[in-house]
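So the structure is just underneath, and the comments pick up after that.
The values are calculated or read from the model by the stated rules, or taken from the named source; none is laboratory data. Note that the structure is a prediction, hence the values are computed from the model and not measured. Neighbour counts are summed over all protein chains in view; Cβ atoms, including those assigned to glycine, are modelled from backbone coordinates with ideal geometry. All accessible areas refer to the heavy atoms of the entire protein, side chains included, with ligands and DNA or RNA removed. Shrake-Rupley method; radii C 1.70, N 1.55, O 1.52, S 1.80 Å.
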Amino acid sequence: FGLGDDAAFDRSLLQHELPFAVALSAASEGQEQLLRDARAGRREIVLLVPMEPEKYPSQNPGPGTLLVSMSPGRIESMARGYIREAGAPLAVANYMGSLATQDEQFVGALYRALRKDGVSFVHVAPAPRSVCRNMASSEGVAYDEPDAYLDAETRPGRGAALERGWADAIDRATRQGNALVMMRATPASLAWLEKTLARTEPPFRLVAASRVLHRPAGK
């Protein structure tokens, strides 16, 4: 995640041979080209849909945010529109959404959209009172949470922190068989990952996100 600030880096990343998915915004300006490039490169896409956070609008995901005050029909329609424009993404994830994901009516409408389009839900940084996990099974939606979320650790000079975060992810993967890792895409994090993979017999194997995520029935 985190693409969109450096077009040259984004292009090189999308052409990389490693089998990672890319998390791209559903509504941010300039993301259309990234979506086209990702589809052209046959990248798996996790679509980041902006959802209402607590303290909105002082905290604001930006234009096109799905709001709790919207009717269920509008929430479902907008979500399906984002999915359609992205061209069959692997999954939808929340961008912010700490308030929206606590609202049963909102989540019900979102899940109807995901179920109709056969798309999974990846819940990033769940709020303590979120209802998404509990509602997923009753609504028939495939649900996952990242096992590791590496953001500040990817900044230049934070190699030790990135090593610790990655070690935690590998430990999680060893215990449960796999791990879903979200990592901010930066030149520093990509260089670190390439160096890590070049080590003799690393204790893990990168696979496509579709090999790790729960998938809707029939997918």
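With assigned to a loop (DSSP other than H, G, I, E, B) and either at pLDDT below 95 or hydroxyl-bearing (Ser, Thr, Tyr) (or both) as the only criterion, which of 156, 146 stands out?
On the way: 146 fails: either at pLDDT below 95 or hydroxyl-bearing (Ser, Thr, Tyr) (or both).
From the options 156, 146, the qualifying one is 156.
Of (1) at pLDDT 95 or above; (2) more than 21 Å from residue 181 (Cβ to Cβ); (3) small (Gly, Ala, Ser), residue 87 satisfies all except one. Which?
(1)
Here is a yes/no grid of residues against (1) of a type in the set (Ser, Thr, Tyr); (2) in contact with a helix residue (DSSP H, G or I) (Cβ under 7 Å, 6 or more places away or on another chain); (3) open to solvent by 60 Å² or more (accessible area, probe 1.4 Å):
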residue	(1), (2), (3)
160	no, no, yes
167	no, no, no
171	no, no, yes
174	yes, no, yes
177	no, no, yes
198	no, no, yes
201	no, no, yes
209	no, no, no
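Hey, could you check segment 64-88 for residues that are among the small types (Gly, Ala, Ser) and closer than 13 Å to residue 27 by Cβ and say which is surrounded by the fewest Cβ atoms within 10 Å (Cβ to Cβ)?
Among those residues, the one meeting the criterion is 81.
Out of all the residues in segment 89-107, which are touching a helix residue (DSSP H, G or I) at 6+ places or on another chain (Cβ under 7 Å) and either open to solvent by less than 20 Å² (accessible area, probe 1.4 Å) or closer than 19 Å to residue 146 by Cα (or both)?
89, 90, 92, 94, 100, 101, 106, 107
Report, by residue number, each residue of segment 186-219 that is at pLDDT 90 or above, over 30 Å from residue 111 (Cβ atoms) and assigned to a loop (DSSP other than H, G, I, E, B).
186
Just wondering, is there one or more residues in segment 125-133 that are closer than 30 Å to residue 37 by Cα, open to solvent by 40 Å² or more (accessible area, probe 1.4 Å) and of a type outside the set (D, E, K, R)?
Step one: of segment 125-133, the residues closer than 30 Å to residue 37 by Cα are 125-126.
From what is left, the residues that are open to solvent by 40 Å² or more (accessible area, probe 1.4 Å) are 125-126.
Within this subset, residues satisfying the condition of being of a type outside the set (D, E, K, R) are 125-126.
Within segment 125-133, one or more residues are closer than 30 Å to residue 37 by Cα, open to solvent by 40 Å² or more (accessible area, probe 1.4 Å) and of a type outside the set (D, E, K, R).
Please tell me if residue 53 is over 19 Å from residue 114 (Cβ atoms), within 17 Å of the chain's Cα centre (by Cα), open to solvent by less than 60 Å² (accessible area, probe 1.4 Å) and at pLDDT 95 or above.
Yes: the conditions hold for residue 53.
Take the residues in segment 28-45 that are in contact with a helix residue (DSSP H, G or I) (Cβ under 7 Å, 6 or more places away or on another chain) and surrounded by 19 or more Cβ atoms within 10 Å (Cβ to Cβ); name whichever of them is nearest to residue 123 (Cα to Cα).
Only one residue fits best here, namely 45.
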